[in-house]
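Just below is one structure, and these are the notes that go with it.
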2 protein chains.
Amino acid sequence: MPEISKRGQLMPSSPIRRLVPLAESAARRGCHVFRLNIGQPDLLTSPNALEAIRNIGTNIIEYGHSAGNESLRRKFADFYKKIGVNLDYQDILVTTGGSEAITFALLACLNSGDEIIVPEPFYANYLSFAIAADVTVIPVTSFIENGFALPPVAEFEKKITPRTRAVLICNPNNPTGYLYSWSELEQIRDLAIKHNLFFLCDEVYRELSYDSKSVKSSMLLEGVDEHLVLLDSVSKRYSATGLRVGVIASRNRELIATALKFGQARLCPPNIGQLAAEAALDSPPEYNDYIFNEFLERRNYLVKALNDIPGVVCPTPKGAFYTMVKLPVDDAEKFAMWLLQEFEYNRQTVMLAPGSGFYKTPGLGKQEVRIAYVLKIDDLQNAMECLKRGLEDYPGRSSK
Amino acid sequence: MPEISKRGQLMPSSPIRRLVPLAESAARRGCHVFRLNIGQPDLLTSPNALEAIRNIGTNIIEYGHSAGNESLRRKFADFYKKIGVNLDYQDILVTTGGSEAITFALLACLNSGDEIIVPEPFYANYLSFAIAADVTVIPVTSFIENGFALPPVAEFEKKITPRTRAVLICNPNNPTGYLYSWSELEQIRDLAIKHNLFFLCDEVYRELSYDSKSVKSSMLLEGVDEHLVLLDSVSKRYSATGLRVGVIASRNRELIATALKFGQARLCPPNIGQLAAEAALDSPPEYNDYIFNEFLERRNYLVKALNDIPGVVCPTPKGAFYTMVKLPVDDAEKFAMWLLQEFEYNRQTVMLAPGSGFYKTPGLGKQEVRIAYVLKIDDLQNAMECLKRGLEDYPGRSSK
């Protein structure tokens, strides 16, 4: 029997995934599970997108252009212009979700064996994309004590080796909800210039920035055009995760030409998704407000509810729809399993994402969980009641 | 300025792509270009697929399962059962087009630096996927003189090294249209067993087998379950290339579990595409006959028309919708460029795919082109008239 590849064996199976069968089993025994573990909101998809799908005009669903349909690329350029970011449509490639944007960036910027520095905790799939691309994620730890602010640049510099080729941040951050300040972005810019690194910025949650509705994209940084790579997606902004339409953009034309070659190999991004995304980008302000206000209200409710539970520490996330929370437990993964296997309150329980899955450094995040506020406030209320009672009953409660 | 990765620099820009601006320029000067260079048929997408899209019921386009939606996986299992292939739905993963199926297979079966043997000429994007996955395609040459039959197994064995991990065939073949015989498939099976290799079989064109409508999938081979990997797609069968829905299937559960880990990283295949594909798999027999008969008629017309042109050699392809043709020219790429730049007949010309792009061995295919019979017979007739006149006028005509 031929052997599976080493990289296949190395691909992580995240703690979230280990919980899935437990949640299914809880559901089977009649216990409702509030799923706060993944970024699948219950909000309505942009009606523009749905209408475009229902009114599809063509009778032949053809390949689109490998770079994405030009009309969609131009629409993205207009979209970015509205937030002050000047990008020519030729700087923008449409990808199969933000996922493919990350993969193309890794393939175009890094060789096999090269290194990319990422503040941890980070979006767990970065690690998987890195393994697939045969590159190494080098973590720089951020801490819940200061709300997961950017670690000092000196910490990044300690990790730089001759193989370092890029820095990657997610802003606003998944999983922490942290919103990098302009000064922090400038620090990374200076680091990228000093060490000649690509600066990849995953801005999938950009429009969910709660301090003000005015968004500050990394693409506004000056003097770093050849380094900056924007990774984006319509998934969260229009509650349309299943479309699989994202973006990789850069003013570095050589980089975009290279990403396009990877794009040509896979022919084109999903074409119905592109049709829907193009319509979504024209969503009325009321829709955008609906998304923004829903998440803002949920965040405000959730952060207060969490901090009201004795022993729970939850910094106030300023963006995205996640928060990393410290729980008074011996081991958050064990607790998450216990909630699904042995606990229920009013025939309800909660599914949480264990924090350790978002750290690369072994041992970190053991008392943390990521909570996605993707359910309506009624559900969040019940979920918080479950969490509170669960923490009271959990035998592995810690006093720390 | 940070440097683009070596693999990015290595990614090929195929001769087909070099022709695109020339075709655009011909169109701008008012010359109609018959595009026989790519596999984009003009046939109608399955009406079932279109209806499913128009009647989409949900108001939230959510992530699907990373393995593909279970209902679609079960539908694929039923589909394969109808051609005698027993696969559990759990042996089947839905991918973002056949393209992603190839990528997952390479990532799961081969390490960086490993080798995969592929008969040439081969689908040009195999090379791109291999570069992205950091593996090496080792070609074994097949020849137009015997219709691109499988090269002798001894030729494969000469290429086997300690790094060889897999053999890949496309059956029916793109670009040659060759349909491997059962005995040829058995030879590859025996080779895979003897040398402990994975046997990847790209059957995207399976239902377009013109000798008989009864299809013989490699998945019917016995004694090789742990080696066999099926790569498939709904793109061609239902004329729905833009959906981006494919399949990787294997009875090797470890391989499927590994491919799923790569699939989990990218969250899910496009969900509207999955909805449409599931409906397409229920297309009525009349639709399937329409596709089959259209291509059969076009093939019959085209092969005769080509062989009627003095100096042109075209074996009869028994499957898919391509044929590799030998032309009496000095250099088929130069000729293809000349057709777009300097030739027209009745304000029309033809776009052909130069053969060299389908070979890895330098110098091969120089007199060959791939022709995709993706246009209706009226158009093919005009295209053949152009080709004939073009060959008469071309200054680089060769007598060979």
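Each distinct pair of alpha carbons in region A:153-227 adds a 1/r term; the inverse of their mean, the Kirkwood radius, is 13.0 Å.
Taking amide H as placed 1.01 Å from N in the peptide plane, the amide H of B:V140 sits under 5 Å from that of B:V118, B:E120, each at least 5 places away or on another chain. Ranked by solvent-accessible area (1.4 Å probe, protein heavy atoms only, all chains present), the residues A:E3, A:E145 order from largest to smallest as A:E145, A:E3. A rounded overall shape is assigned to region A:90-224, the ratio a/c of its alpha-carbon gyration tensor axes (a ≥ b ≥ c) being less than 1.5. The shape of region A:288-358 can be summarised by an equivalent ellipsoid whose semi-axes, obtained from the alpha carbon gyration tensor, come to 24, 15, 12 Å from longest to shortest. For B:Q348, the residues 5 or more places off, or on other chains, whose built amide H falls under 5 Å of its own are B:H32. Sequence-ordered 3J(HN,Hα) estimates for region B:286-294 from the Karplus curve with 6.51, -1.76 and 1.60 and θ = phi - 60° stand at 4, 5, 4, 5, 4, 4, 4, 5, 4 Hz, glycine and proline given as x. Summary of the geometry: region A:202-241 and region B:194-268, compared by the centres of their Cα atoms, lie 37 Å apart.
For B:G363, the distances from its label point to the matching points in the remaining copies are 6.1 nm, ordered from shortest, with each point set 7 Å beyond Cα toward Cβ. Taken one residue at a time, the phi angles of region B:40-55 give Karplus couplings (6.51, -1.76, 1.60, θ = phi - 60°) of 10, x, 8, 6, 5, 4, 3, x, 4, 5, 4, 5, 4, 5, 5, 9 Hz. Gly and Pro are set to x.
Each residue was assigned an accessible area with a 1.4 Å probe, and for B:T316 the value is about 80 Å². Starting from the label point of B:N55 at 7 Å along Cα→Cβ, the same points in the other copies fall at 2.1 nm, in ascending order. If I build a Gaussian network model for chain B, linking alpha-carbon pairs within less than 10 angstrom, which residue out of B:I61, B:I188, B:I131 has the largest mean-square fluctuation? Largest GNM mean-square fluctuation: B:I61.
Summing Lys and Arg as +1 and Asp and Glu as -1 over all other residues whose Cβ lies under 13 Å from the Cβ of B:E342 gives a net charge of +1.
FRET efficiency for the A:L220 to A:Y301 pair, using the beta carbon distance and R₀ = 35 Å, is estimated at 0.65. Taking the label point 7 Å along Cα→Cβ, B:M1 and its counterparts in the other copies are spaced 5.1 nm apart, in ascending order. Per-residue accessible area (protein heavy atoms, 1.4 Å probe) orders B:K159, B:K366, A:K158 as A:K158, B:K366, B:K159, starting from the largest. Can you classify region B:38-84 as rounded, prolate or oblate using the Cα gyration tensor, where a ≥ b ≥ c are the square roots of its eigenvalues, rounded means a/c under 1.5, and otherwise it's prolate if a/b beats b/c and oblate if not? Verdict is oblate for region B:38-84. Label positions at A:V20 and B:K82, each projected 7 Å from the Cα along the C-beta direction, are separated by 2.8 nm.
Between 0 and 90 degrees, rounded to the nearest ten: what's the tilt of helix A:97-109 against the longest Cα principal axis of chain A? It is inclined by approximately 60 degrees. Based on the reciprocal of the average 1/r between different C-alpha atoms, the Kirkwood radius for the protein assembly as shown equals 27.6 Å. Whole-Hz Karplus values for region B:300-306 come out as 4, 5, 5, 4, 5, 4, 5 Hz, taken residue by residue from phi with 6.51 cos²θ - 1.76 cosθ + 1.60 and θ = phi - 60°; glycine and proline positions read x. Is the C-alpha gyration tensor of region B:47-280 telling us rounded, prolate or oblate? Criteria: a/c under 1.5 is rounded; beyond that, a/b larger than b/c is prolate, otherwise oblate. Verdict is prolate for region B:47-280.
Springs join every pair of Cα atoms under 10 Å in this Gaussian network model of chain A, and among A:M337, A:M324, A:M11 the largest mean-square fluctuation is at A:M11. The Rg/Rh ratio of region B:9-52, with Rg taken over Cα atoms and Rh as the Kirkwood radius over Cα pairs, comes to 1.16.
Remark: spin-label model distance B:R397-B:R29 equals 2.1 nm, labels positioned 7 Å along the Cα→Cβ axis. Note on region B:358-400: Cα-Cα pairs beyond 17 Å make up 50% of the total pair count. Structural size metrics of region A:181-285, computed from C-alpha coordinates, are Rg and Dmax of 15.4, 43 Å.
One compactness figure for region A:61-122 is 1.38, namely its Cα radius of gyration divided by 2.2 N^0.38 Å.
Counting only protein heavy atoms and using a 1.4 Å probe, the accessible area of A:Y123 comes to about 40 Å². Rolled with a 1.4 Å probe across the full set of protein chains, the surface gives B:F262 an accessible area near 10 Å². Rounded to the nearest 5, the antiparallel percentage of DSSP beta bridges internal to chain B is 45%. All distinct Cα pairs of chain A go into the 1/r average, and the inverse of that average, the Kirkwood radius, is 21.8 Å. From its DSSP helices (H runs of at least four residues, each -39,500 (n - 2.57)), chain B gives a residue-normalised ellipticity at 222 nm of -12000 deg cm²/dmol. To put it simply, the accessible area of region B:47-280 at a 1.4 Å probe is 50 percent carbon and sulfur. Please report the spacing between the Cα centers of region B:1-51 and region A:67-145 in Å, no decimals. Region B:1-51 and region A:67-145 have Cα centres separated by 25 Å. Between B:A149 and B:D282, the FRET efficiency estimated from the beta carbon spacing at R0 = 60 angstrom works out to 0.95. The listed residues B:S71, B:S14 rank as B:S71, B:S14 when sorted by accessible area, largest first, using a 1.4 Å probe. Springs join every pair of Cα atoms under 10 Å in this Gaussian network model of chain A, and among A:V215, A:V350, A:V247 the largest mean-square fluctuation is at A:V215.
The values are calculated or read from the model by the stated rules, or taken from the named source; none is laboratory data. All values derive from a computational prediction rather than experimental measurement. Glycine gets a Cβ as well: all are built from the backbone with ideal geometry, and neighbour counts include every protein chain shown. These accessible areas exclude ligands, DNA and RNA; they are computed on the full protein's heavy atoms, side chains included. Shrake-Rupley method; radii C 1.70, N 1.55, O 1.52, S 1.80 Å.
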